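The values are calculated or read from the model by the stated rules, or taken from the named source; none is laboratory data. These figures come from a predicted structure and were not determined experimentally. Reconstructed Cβ throughout: ideal geometry from the backbone, glycine too, with neighbour counts over all protein chains shown. SASA here: full protein model, heavy atoms, side chains in, ligands and nucleic acids out. Shrake-Rupley method; radii C 1.70, N 1.55, O 1.52, S 1.80 Å.
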Protein chains: 2
Amino acid sequence: MKSIEIKDAALKYFTIHGYEGASLSQIAEEVGLKKQSIYAHFKGKDDLFLQVLRDAKEMDLSATLQYFSNIDSKNPEKALYGYLQLIIDLFQKDEQLKFWLRMSFFPPAHLEKGIEQEVIDIEEKERTILEEKFQDWINTKLIIGDKALTPTYAYLGVVDSILLELVYGNDEKQLNAKLAASWEVFWRGISYQ
Amino acid sequence: MKSIEIKDAALKYFTIHGYEGASLSQIAEEVGLKKQSIYAHFKGKDDLFLQVLRDAKEMDLSATLQYFSNIDSKNPEKALYGYLQLIIDLFQKDEQLKFWLRMSFFPPAHLEKGIEQEVIDIEEKERTILEEKFQDWINTKLIIGDKALTPTYAYLGVVDSILLELVYGNDEKQLNAKLAASWEVFWRGISYQ
DNA sequence: CTCCATTTAACGAACGTTCGTAAGTTATTT
DNA sequence: AAATAACTTACGAACGTTCGTTAAATGGAG
């Protein structure tokens, strides 16, 4: 299917060059087409971009949902650390997560409002999932604390810092060192000792 | 001085629209000039961009250096939390930090190599400052641990997560909640209890 | 008169988009 | 089964606009 090929190429160029820096002729050339042919599949650049964005968002959200529906609820340490590794895997396996990150932080100005809404939407969903898990673990005395929001936000902070290191991504050794350090301190910060 | 005005306007548009999305005519219009007049002050778009970048980098680095040369070395809790607040202040006071962040994560492709070098440079300098402080605090039993690298990386992770929240910046309430949560867990993770 | 910032004018190149058209595929009618 | 219609996909050509950049003319300050 050609429209999937186009979206793949668009994902690649939007991720590398941003919305304004990516051109339809580059994208078309990548799949062996002229730029005019893109208009047989998409209404225009904005339409192509938004479809790529929604695919990326859906992929990100479904990966998170699936992971946390299959975890061992008696082992928060394994569950939480495993999610960090999942993110690293996802990030390195395909471009969608990097694209999503770039566009949620620095959206094209004329689409900012719509994108912001999607970002808030996914963020709240993922936060809710985490908050429920943390509440369970607090209730069952597997981690310390009273309200679940504190470890939730702190954990999301660790996730963000790992994502940032991935985006920045100059060195795998440094990534692993940062992951180990953040995890060690975080886990000590929320576990009984 | 007109070239400073131009750099200020360039900073603004580069931050909002990125390198490719910002145009010289917009920047010139902001300071009441025609775009061709920019060439009396800068060699071209790249030159203007790189000068703005170096100004931003210098500002970021000098703020960090100055802060950590004036801290109370007997009180890591205050010093570390104060730096997080300094970052929030800096971020909200002027655009340079946001510009620096955007360009260090998503540099214009054709300048990537040079920018990456600058980012590695500043990152190493800031990490070294922190590492020395943490080593002192470990030696004087003000925080736990053996090697200073672990709390250094973990703290840099907290810094990153706060920066991300600032970039993303939809809500001051949420920013404060995330800051409080990350700090609480981090501090518990590195302090004696 | 000189210098320098700024202007007007113009450049080639690239941008996203639209149009008409041709070919190929699928569906409907004879 | 053959003929017709409708739809999809792709392309050449061109649209108007904007881009970064260069060159030459203008104007004012020292």
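Figures for the structure shown
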item	result
Candidates per trypsin sites (Lys or Arg not before Pro) in the range A:74-124, loop by DSSP, up to 15 other Cβ within 10 Å	A:Lys74
Cα gyration tensor category, rounded, prolate or oblate, for chain A with a/c compared to 1.5	prolate
Fraction of accessible area attributable to carbon and sulfur, the range B:1-94 (%, probe 1.4 Å)	49 percent
Relative contact order (%) - criterion: Cα under 8 Å, at least six apart; region: the range A:1-42	35 percent
Net charge of Cβ neighbours under 9 Å - reference B:Ala154; Lys, Arg +1; Asp, Glu -1	0
Low-density loop cleavage sites - trypsin sites (Lys or Arg not before Pro) in the range B:14-52, where at most 12 other Cβ are within 10 Å (DSSP)	B:Lys34, B:Lys43
Within-12-Å neighbourhood charge of A:Gly189 [Cβ basis; K, R +1; D, E -1]	0
For the range B:30-133: accessible area per residue (Å², 1.4 Å)	53 Å²
Percentage relative contact order, chain B, counting C-alpha pairs under 8 Å, at least six apart	19 percent
Whether the protein assembly as shown is rounded, prolate or oblate, judged on the alpha carbon gyration tensor where a/c under 1.5 counts as rounded	oblate
Cβ neighbours within 10 Å from other chains - mean over B:20-27	2
Value of [θ]222 nm, deg cm²/dmol, for chain A, DSSP H segments ≥ 4, -39500 (n - 2.57) each, nearest 500	-26000 deg cm²/dmol
Buried solvent-accessible surface, both chains (A, B), 1.4 Å probe, Å² to nearest 100	3800 Å²
Shielding by partners, peptide B:164-173 (average Cβ within 10 angstrom, other chains)	3
Net charge of Cβ neighbours under 11 Å - reference B:Tyr83; Lys, Arg +1; Asp, Glu -1	0
Shielding score for B:177-184, defined as the mean number of other chain Cβ atoms within 10 Å	6
Pairs from A:Lys93/B:Lys93; A:Lys78/A:Lys98; A:Lys12/B:Lys12; A:Lys57/B:Lys147; A:Lys113/B:Lys35; A:Lys74/A:Lys113 whose Cα-Cα separation, in the structure shown, is over 31 Å	A:Lys93/B:Lys93; A:Lys57/B:Lys147; A:Lys74/A:Lys113
Per-residue ³J(HN,Hα) for the range B:21-35, Karplus 6.51 cos²θ - 1.76 cosθ + 1.60, θ = phi - 60°, Hz, x for Gly and Pro	x, 8, 10, 5, 5, 4, 4, 5, 4, 4, 10, x, 10, 8, 4
The range B:109-193: chymotrypsin sites (Phe, Trp or Tyr not before Pro) in DSSP coil with no more than 14 other Cβ atoms inside 10 Å	B:Tyr192
